[in-house]
Amino acid sequence: MKRFEDDMGRLLETTRDLGSLVCSTIDGAVRAFCERDTDLAREMAERYQRISDLHSVLEEDTLRILTLYQPTAVDMRTVATVLKAITYLERIGKYSKKIAKATIFLSDDISAEGMEGIPEMGSVAVRMVKLAVGSLIDGDTSGLDEISQQEHFLDTLRNSVIRRNTELLRDCPAAADVLMRYMSVSRYLERVGDNSCDIAEKVAYMVTGRHVEIGA
Amino acid sequence: MVTTESDNVIEISNVNLWYGDKQALFDVSMPVRRNRITALIGPSGCGKSTLLRSMNRMNDLVDGCRLEGRMLFGGTDIYSPNTDVNGIRTRIGMIFQKPNPFPMSIRDNVSYGPRIHGVEDREELDEIVERSLVRSALWDEVHDRLDKSALALSGGQQQRLCIARALAVSPQVILMDEPTSALDPMATSKIEDLACELEKDYTVVIVTHNMQQASRISDYTGFMYLGKMAEFGRTEGIFNKPKEELTERYITGRFG
């Protein structure tokens, strides 16, 4: 039992590390995008490798725990939640990298037209990731309602970004490269929100044993 | 004996049981669902074997054993003074922890029950022997040595022979008291597969210390503690999200 508890303790600690790393990376990537900070964007893009490595370590750890100890009840739900949540965290890491790459691409473009709504989407998405990671680490479902509300808000913002950029694209097809990048970034942020909801759903399962849909 | 089409083949309600002055079961209630496997788990001395044995009145053989409450089998009170105990034990068979074949041939072990119940026709007996051994997944291994001693079989084969012997008298329920605790993993796996196969035609109640076994093969699980039914429910629920903290602690190994 002691060995199992030590292994579970380490698993949760490493999950916490991955959660913090992903939170600060998406936060940095969004900040770099809004402030056109290409140095910060490069730093965030490079961080993805660490996220990916940590994800692989955690995946192996969860599978090892399942094989060695065949956990049940809350232990099983925790291990299963970690196994799913790390995939979502890794994806958020990947979207952070894509946003950082888009920032580097857009560095020559000084026009802010088409940006409207994206910084707000960024802060909502970052807030959602922080809530989801916090709930995962603390095993606390109190933030899940807010995640659900933010998800709807994020969708509304995304729709207006797409509408606005489609109009701009119609008026100025020459700016297609830039405008398409903005639309992509809004898509990445929307996916970051979706993955946060996925994490939240797993946390609800871990805590209550019931499957719920969040932000559907 | 009258049987109903109810989902519960056995209904246990508010059963208390004493061995002399010592109470072993406290107000135990649970259903045994028809054509399902029900597992009883719990720490040593929690009363799970006592409960199992009381289902076919095996405890009658223990001096000073007394039971109160109601235990219905197909609507009939198992403990009514008018109940035919042998009839109950024919319909509710039992498999013990250690295989206990009779010191006779494989064939005679299986045909023993039917012969006692008056089947004399050789062909009919042969048919029962074959059918029972096929059902207990032993036929392929022993069909060419039916007249050899049962004691020459391996532990796992002996246990399947005991199951064949129980099946030979066409029971409705098979009670298994830690049937694999003396067997190696291969033999255990065969008994588990067999229990799952038997579930189609019979009802199985199994006492086990092996929680993985309970979760692998049973549909319903009862967790007993200090003579009480601490929690009863679908196995999936018990092993995923038990309602009682005590059950959670037991199945996750954080007990005592």
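Would you calculate the separation in nanometres between label points at A:S20 and B:S44, each defined as 7 Å from the Cα along the Cα-to-beta-carbon direction? Rounded to a tenth, the inter-label distance reads 4.6 nm.
Take the accessible area of B alone and of A alone, subtract that of the pair with a 1.4 Å probe, and the total buried over both chains is about 900 Å². Across the range B:1-155, C-alpha contacts under 8 Å between residues 6 or more apart give a mean separation that, scaled by the residue count, equals a relative contact order of 22 percent. Our helix-only sum for the protein assembly as shown, with -39,500 (n - 2.57) per DSSP H run of n ≥ 4 divided by its residues, gives a mean residue ellipticity at 222 nm of -19000 deg cm²/dmol. For A:K97, a cut-off of 20 angstrom between C-alpha atoms picks up these lysines, skipping any fewer than 8 places away in its own chain: A:K130. Averaged over the residues of peptide A:71-78, the number of Cβ atoms from other protein chains lying within 10 Å of each residue's Cβ is 6. Computed about the Cα centre, the dipole magnitude for the protein assembly as shown is approximately 460 debye when only Lys and Arg (+1) and Asp and Glu (-1) carry charge, each at its Cβ. For the range A:2-208, would you read off the P(r) tail past 29 Å as a percentage of all alpha carbon pairs? The calculated P(r) of the range A:2-208 puts 29 percent of pairs beyond 29 Å. Karplus-based coupling profile of the range A:100-109, in residue order and whole Hz: 4, 5, 5, 4, 5, 4, 7, 4, 7, 8, with θ = phi - 60° in 6.51 cos²θ - 1.76 cosθ + 1.60 and x standing for Gly or Pro. Ranked from largest to smallest solvent-accessible area, with a 1.4 Å probe on the protein heavy atoms, B:T76, B:T235 come out as B:T76, B:T235. Each 10 Å bin from 0 upward holds the following percent of the Cα-Cα pairs of the range B:21-61: 23, 58, 18, 1. Under the simplified labelling scheme, the B:W18-A:V57 pair shows an inter-label distance of 6.3 nm, with each label point 7 Å from Cα along Cα→Cβ.
Straightening the chain between B:F26 and B:V134 buys 34.9 nm, computed as 0.36 nm per residue apart minus the Cα-Cα spacing. When only the Cβ of Lys, Arg, Asp and Glu is charged (+1, +1, -1, -1), the dipole of chain B relative to its Cα centre reaches about 640 debye.
Each residue of the range B:101-108 is assigned a 3J(HN,Hα), and the resulting list reads x, 6, x, 8, 6, 4, 4, 5 Hz, derived from the Karplus form 6.51 cos²θ - 1.76 cosθ + 1.60 (θ = phi - 60°), x at Gly and Pro. Taken along the Cα-to-beta-carbon direction at a fixed 7 Å, the label points for B:N100 and A:M1 span 3.4 nm. By the scheme Lys and Arg +1, Asp and Glu -1, what is the net charge of all other residues having a beta-carbon under 15 Å from that of B:K48? After counting each charged neighbour, the total is -1.
For the protein assembly as shown, the orientation-averaged shadow of the C-alpha convex hull comes to 29.8 nm² (one quarter of the hull surface). Under the combined filter of DSSP loop state and at most 15 neighbouring Cβ atoms within 10 Å, the range B:92-201 retains these GluC sites (Glu not before Pro): B:E120. Evaluating kT/(6 pi eta Rh) at 10 °C and 1.306 mPa s, with the Kirkwood radius of the range B:109-256 over Cα pairs in the Stokes-Einstein relation, gives 94 µm² s⁻¹.
Over all Cα atoms in chain B, the spread is summed up by Rg and Dmax: 18.2, 57 Å. Taken one residue at a time, the phi angles of the range B:135-151 give Karplus couplings (6.51, -1.76, 1.60, θ = phi - 60°) of 5, 8, 6, 10, 3, 4, 8, 10, 4, 9, 9, 5, 9, 7, 5, 5, 6 Hz. Gly and Pro are set to x. Here r is the Cβ-Cβ distance between A:R210 and A:R50 and R0 is 22 Å; the resulting FRET efficiency, rounded to 0.05, is 0.05. Counting lysine pairs in chain B that sit 8 or more residues apart in sequence, or on different chains, and whose Cα atoms lie under 21 Å apart gives 10.
For the range A:2-208, a crude dipole built from +1 on the beta carbon of Lys and Arg and -1 on the beta carbon of Asp and Glu, taken about the Cα centre, is about 340 debye to the nearest 20.
The values are calculated or read from the model by the stated rules, or taken from the named source; none is laboratory data. Fair warning: this is a prediction, and the values are worked out from it, not measured in the lab. For neighbour counting, all protein chains shown are included, and Cβ atoms are generated from backbone atoms with ideal geometry for every residue, glycine included. Calculation scope for accessible area: heavy atoms of the full protein, side chains included, ligands and nucleic acids excluded. Shrake-Rupley method; radii C 1.70, N 1.55, O 1.52, S 1.80 Å.
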